[in-house]
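Take a look at the structure below.
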Amino acid sequence: MSPVVVRLAGPDDARAVTTLEHDALGSDAWSENLLREGVSGLIPTTLFLVATTSPGEIACGYAAVSIVADVAELQRIAVTATRRRTGVASALLARVEREATRRHADRLLLEVRDDNTGALAFYARHGFTELDRRPRYYADGTTAIVLARDVGRMEP
């Protein structure tokens, strides 16, 4: 398989990011308008990144991270079903860390549904630990687990 390339998203990525968002997050998905603004760089403090494995390929994954002062919050990470468990999410997470470090963040936070065992295992492998729980956080009443880790110790 080709190496994963992660780059800043642009307006041409709006359709692919919207599809990834809705496929991965269903009823918790952000609106198409918000995603279009995000990939166009119109949301202050928030970066949208996309992953591809070949030039000209439609994005096979994306991440959104908000970086304010010394805290970065991974708001989204999604990978198309056919590319899961191939290193795409790890490449996105590594780029998120590099961007956070460049912008002087020293901590990375995120929320995960407590029933998403695959994501919980993924983040545990990358050194995240539980910080808190938010009962009934998601639209369907599912609890969110808040995870955190210091920036700068993730594998590339």
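The values are calculated or read from the model by the stated rules, or taken from the named source; none is laboratory data. Here the structure is a predicted model, which is why all the values come from computation and not from measurement. Counting neighbours? That spans all protein chains shown, and the Cβs are built from the backbone with ideal geometry, glycine included. Please note that ligands, DNA and RNA were not included when accessible areas were found on the heavy atoms of the full protein model with its side chains. Shrake-Rupley method; radii C 1.70, N 1.55, O 1.52, S 1.80 Å.
Brief remarks on what is shown
- Inspection of the range 31-38 identifies at least one residue that is assigned to a helix (DSSP H, G or I), over 28 Å from S2 (Cα atoms) and touching a residue at least 12 places away in the same chain (Cβ under 8 Å).
- Boolean, D23 is surrounded by 15 or more Cβ atoms within 10 Å (Cβ to Cβ) and in a helix (DSSP H, G or I): no
- The set of residues in the range 25-51 that are modelled with pLDDT under 90 and on the phi < 0 side of the Ramachandran plot comprises L25, S27, D28.
- Filter result for D140 (out of contact with any strand residue (DSSP E or B) (no Cβ under 8 Å at 6 or more places or on another chain), surrounded by fewer than 14 Cβ atoms within 10 Å (Cβ to Cβ), of a type in the set (D, E) and in contact (Cβ under 8 Å) with a residue 40 or more places away in the chain): yes
- Matching option when the condition is touching a residue at least 60 places away in the same chain (Cβ under 8 Å) and crowded, with 21+ Cβ neighbours inside 10 Å, among V6, V79: V6
- So L131, is it under 15 Å from the mean Cα position of the chain (by Cα) and either open to solvent by 50 Å² or more (accessible area, probe 1.4 Å) or at pLDDT 95 or above (or both): no
- In the range 14-30, the residues that are touching a residue at least 12 places away in the same chain (Cβ under 8 Å) and of a type in the set (A, V, I, L, M) reach residues that are surrounded by fewer than 18 Cβ atoms within 10 Å (Cβ to Cβ) and assigned to a helix (DSSP H, G or I) with C-beta atoms within less than 7 angstrom, at least six apart or across chains, in these pairs: A14/R36.
- In the range 44-68, the residues that are farther than 18 Å from L93 by Cα and either open to solvent by 50 Å² or more (accessible area, probe 1.4 Å) or in contact (Cβ under 8 Å) with a residue 12 or more places away in the chain (or both): P44, S54, P55, G56, I58
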